[in-house]
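Just so it is clear, none of the values below were taken in a lab; they were calculated from the coordinates. From a predicted model like this one, the values you see are computed outputs, not experimental measurements. Cβ sites come from the backbone with ideal geometry, for glycine too, and all protein chains shown count toward neighbours.
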Amino acid sequence: MESPQERPVEELTELAAVLGATARDAARLLGLETQLALRALVLLAVLAVLLVAVLFSVWCALAVLVAVALYEYAPIGLTASVGAAALLWMLLGGIIVLLMRRLVRRLGFPETRLAVQGLLAEAAAGARRAP
């Protein structure tokens with residue numbers, strides 16, 4: 001027969017065993033899910049590289065299409081058509097570079113810098129007024 005003092009000890013031991021098993025199962029599940037997530041990440045990277053290759057081939061096809069259209073529908077020769085298409089792509093590239101430069105300026109936190117400069121100027125003016 002069990003004494004009343006041994007019963008809580010057994011229950012605590014059983015609870016600790018259940019909690020330990022639960023923690024082990026949760027850790028194993030986390031490890032397996034992490035492996036799945038890493039595999040998915042690698043697959044996403046491979047698919048991204050493939051997508052870049054597909055988009056590059058589409059871009060090349062568009063460049064050829066523009067050159068052929070200029071050759072067929074404009075009264076200029078083949079060399080001039082290819083040159084005009086190249087100039088068109090260079091113009092598009094220049095526009096993209098200008099947009100990128102505009103976005104890069106925003107990375108410098110211009111409004112925050114202006115606000116901090118204003119605060120520093122106020123602090124310096126307050127320090128000069130203090131005796």
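When the P(r) is computed for the stretch 1-69, the part past 21 Å accounts for 64% of the Cα-Cα pairs. The Leu98 and Val68 beta-carbon pair, evaluated with R₀ = 30 Å, returns a calculated FRET efficiency of approximately 0.60. Comparing Val116, Val52, Val42 in a Gaussian network model of the chain where C-alpha atoms under 10 Å apart are linked, the largest mean-square fluctuation is found at Val116. A Förster radius of 41 Å, combined with the Cβ-Cβ distance separating Leu44 from Leu15, puts the computed FRET efficiency at roughly 0.45. Between the entries (i) 64, 41, 6; (ii) 28, 17, 13; (iii) 53, 14, 12, the label attached to semi-axes √(5λ) of the Cα gyration tensor in Å calculated for this structure is (i). Comparing Ala74, Ala53, Ala17, which has the greatest mean-square fluctuation in the GNM of the chain with Cα pairs linked when under 10 Å apart? Ranking Ala74, Ala53, Ala17 by mean-square fluctuation puts Ala17 first. Note on the chain: GNM, Cα springs under 10 Å; of Ala115, Ala27, Ala86, the largest mean-square fluctuation is that of Ala115.
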